[in-house]
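Peer 1: My questions all concern the structure below.
Bear in mind that the values in this text are calculations on the coordinates, not laboratory data. No experiment lies behind these values; they were computed from the predicted model shown. No Cβ is skipped: glycine too gets one built from the backbone with ideal geometry, and neighbour counts run over all protein chains shown.
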């Protein structure tokens, strides 16, 4: 049976109560709980409604105004695809003229919702009964979407042209949840995805952005996606969903819109086909999607920039280059990474706010910041340090955002 946390709301009275709550405010929750109980609502129903109101408020960052008509579980919301990213997945199928899709491991139904909104016939499959109940409610506005409670590996796919998967990448135990890193430990495993692709169907799968390149199937296009600087996924696309001439890509989405960098050849770890030179007037920190996709050298060539170390993802150039694929800094000074000297520099420049970025060095920025600011007084100035290596030399590059 569906647990009371959801079933209590799947009645006219429960749904009406939830709809009547309005915007959720944590500061008012205790008083609201008491008033709803005094009005005659059961403690179980009140708890369920307030939990959903809180989850809906949290879900607005992923689903916008749609969140106010949806049902969630806490794990389901945490793992759900943002609607803007789900729209990209759905677009892959419509571009390939795929009209029927099985969404295996649909969770609360984010990807199914995006596909159904583009008039794709969707069979949403979810193993967890409570989560499947939420997906059923969330997909109710779409008559061409249905939810099946079952295991992805056991579903008959003969009636669909395409398959979308979001494998479970965590295990849950009495001690909490544990993230999985081996693609064969996912549920379903990556080998199951490859078997589906071998059948010729249009197959797409959402993977964690940390998936190693050596685990990527040779037959798939891999696209890493970042949103507002946060790398959210690596999407693998097979057959009709894969784009000709694209082996790997970085899609960067943010305030400047959506921009993509791609390559037609597989990534070779350790090989950076770009020039290496000294720190010049400007330093660039490539977006995480660019780094994950192994496109740092490609970005350097497109910018006319160079690597400052063959093994570290920082670029530099004499003239400023405006690019959506990297954050730019103006270089003010390059100093040796010496804690005593840096502490004196912080004090002399009356620095009270210090941002520290690092790559290729085993230093904890928070600890170093504490060391540098302790005893220096609360100065009025701000500064940014980039800690890295130049060959065998450890340096602290003083920069300011450009």
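Peer 1: If the elastic network links every pair of Cα atoms under 10 Å, which of 71, 283, 18 fluctuates the most in the Gaussian network model of the chain?
Peer 2: Residue with maximal mean-square fluctuation among 71, 283, 18: 18.
Peer 1: Quick check: convex hull over the Cα atoms of the stretch 73-137, volume per residue in Å³, rounded to an integer? The partial results should precede the final answer.
Peer 2: Details: hull volume 4.6 nm³, N = 65.
Expressed per residue, the convex hull around the Cα atoms of the stretch 73-137 is 71 Å³.
Peer 1: Relative to the longest principal axis of the C-alpha atoms of the chain, give the angle of the C-alpha long axis of helix 83-95, reported between 0 and 90° and rounded to the nearest 10°.
Peer 2: With rounding to tens, the tilt is 80 degrees.
Peer 1: Can you compute the helix-only [θ] at 222 nm over the chain? Use -39500 (n - 2.57) per DSSP H run of at least 4 residues, normalise by all residues, nearest 500 deg cm²/dmol. Intermediate results must be reported in sequence, preceding the final value.
Peer 2: Values: 13 runs with 121 residues, N = 402.
Helix-only estimate at 222 nm: -8500 deg cm²/dmol.
Peer 1: What angle do you read, to the nearest 10 degrees and between 0 and 90, between the alpha-carbon axis of helix 129-138 and the longest principal axis of the chain?
Peer 2: Value to nearest ten degrees: 90.
Peer 1: If you average the C-alpha positions of the stretch 126-161 and of the stretch 207-274 separately, how far apart do those two centres end up, in angstrom?
Peer 2: Using only Cα atoms, the two centres lie 28 Å from each other.
Peer 1: Could you give the C-alpha radius of gyration of the stretch 352-402 expressed as a fraction of 2.2 N^0.38 Å, taking N as the number of residues it contains?
Peer 2: Details: Rg = 11.6 Å, N = 51, 2.2 N^0.38 = 9.8 Å.
For the stretch 352-402, the normalised Cα radius of gyration comes out at 1.19.
Peer 1: Right, next: By what distance, in whole Å, do the Cα atoms of the stretch 39-100 stretch along each of the three principal axes, largest value first?
Peer 2: Sorted from largest, the Cα extents of the stretch 39-100 read 53, 22, 20 Å.
Peer 1: Can you tell me the 0 to 90 degree angle between the C-alpha axis of helix 43-63 and the longest principal axis of the chain, rounded to 10?
Peer 2: So the inclination is approximately 40 degrees.
Peer 1: With a 10 Å Cβ neighbour count serving as the proxy for reagent exposure, in which order, fewest first, do 89, 306, 144 appear? Spell out each step's value before the answer.
Peer 2: Working: 89 25, 306 19, 144 14.
Result, fewest neighbours first: 144, 306, 89.
Peer 1: Using r as the Cβ-Cβ distance of residue 119 and residue 374, and R0 as 56 Å, what FRET efficiency do you calculate, to the nearest 0.05?
Peer 2: Values: r = 61 Å, r/R0 = 1.09.
After rounding, the FRET efficiency stands at 0.35.
Peer 1: Can you bin every Cα-Cα distance in the stretch 282-401 into 5 Å intervals starting at zero and give me the percent of pairs per bin, rounded to whole numbers?
Peer 2: Whole-percent P(r) values from 0 Å outward: 2, 11, 22, 22, 18, 12, 9, 4, 1.
Peer 1: Based on the alpha-carbon gyration tensor of the stretch 252-312 and its eigenvalue square roots a ≥ b ≥ c, which shape applies: rounded if a/c is under 1.5, prolate if not and a/b is larger than b/c, or oblate?
Peer 2: Working: a/c = 2.02, a/b = 1.19, b/c = 1.70.
The shape class here is oblate.
Peer 1: Please list 124-133, 44-53, 257-266 highest first by mean number of surrounding beta-carbon atoms within 10 Å per residue. Present the calculation step by step, with values, prior to reporting the outcome.
Peer 2: Details: 124-133: 21.6, 44-53: 19.9, 257-266: 13.7.
So the order, starting with the most tightly packed, is 124-133, 44-53, 257-266.
Peer 1: Also, I was wondering about something else. How large are Rg and Dmax for the stretch 177-234 when only the alpha carbon atoms are used, in Å?
Peer 2: Looking at the stretch 177-234, its Cα Rg and Dmax stand at 12.1, 36 Å.
Peer 1: Next question. Consider just the alpha-carbon atoms of the stretch 77-263 and return their Rg together with their Dmax, both in angstrom.
Peer 2: 15.5, 47
Peer 1: Still on this model: Once you've got the GNM for the chain with C-alpha springs shorter than 10 Å, pick whichever of 59, 222, 383 has the biggest mean-square fluctuation.
Peer 2: Top of the fluctuation ranking is 383.
Peer 1: Looking at the P(r) of the stretch 202-313, how many percent of alpha-carbon pairs lie beyond 21 Å?
Peer 2: On the way: 2247 of 6216 pairs.
Distances greater than 21 Å cover 36 percent of the Cα pairs.
Peer 1: Compare 164, 345, 224 in a GNM of the chain, Cα atoms joined below 10 Å, and give the one with the largest fluctuation.
Peer 2: Of 164, 345, 224, the most mobile in the Gaussian network model is 345.
Peer 1: Rg to Rh for the chain: what is it, with Cα atoms only and Rh by Kirkwood? Could the numbers behind the result be given before it?
Peer 2: Details: Rg = 25.0 Å, Rh = 24.0 Å.
Taking Rh as the inverse mean 1/r over Cα pairs, Rg/Rh reads 1.04.
Peer 1: In addition: Relative to 2.2 N^0.38 Å, what does the C-alpha radius of gyration of the stretch 4-63 come to as a ratio? Two decimals please.
Peer 2: Numbers: Rg = 11.0 Å, N = 60, 2.2 N^0.38 = 10.4 Å.
Ratio of Rg to 2.2 N^0.38 Å for the stretch 4-63: 1.06.
Peer 1: Please work out, to two decimal places, the log10 of the ratio I(q)/I(0) at q = 0.15, 0.16, 0.18 Å⁻¹ from a Debye calculation in which every Cα of the stretch 23-160 carries one identical scatterer.
Peer 2: Per q value, in the given order, log10 I(q)/I(0) is -0.74, -0.81, -0.96.
Peer 1: Moving to a separate point now. Would you mind getting me the FRET efficiency between residue 259 and residue 394? Use the beta-carbon distance for r and R0 = 25 Å, nearest 0.05.
Peer 2: Details: r = 33 Å, r/R0 = 1.32.
After rounding to 0.05, the efficiency reads 0.15.
Peer 1: To continue, here is another question. Need the full-extension length gain, residue 31 to residue 333, defined as separation in residues times 0.36 nm minus the C-alpha distance. One decimal, nm.
Peer 2: Values: separation 302, 0.36 × 302 = 108.72 nm, distance 5.61 nm.
My answer for the length gained is 103.1 nm.
Peer 1: Order these peptides, 200-212, 98-110, 284-296, by their mean beta-carbon neighbour count within 10 angstrom, highest first. Show your work: numbers first, answer last.
Peer 2: Values: 200-212: 20.2, 98-110: 26.7, 284-296: 24.2.
With the highest mean Cβ count within 10 Å placed first, the list reads 98-110, 284-296, 200-212.
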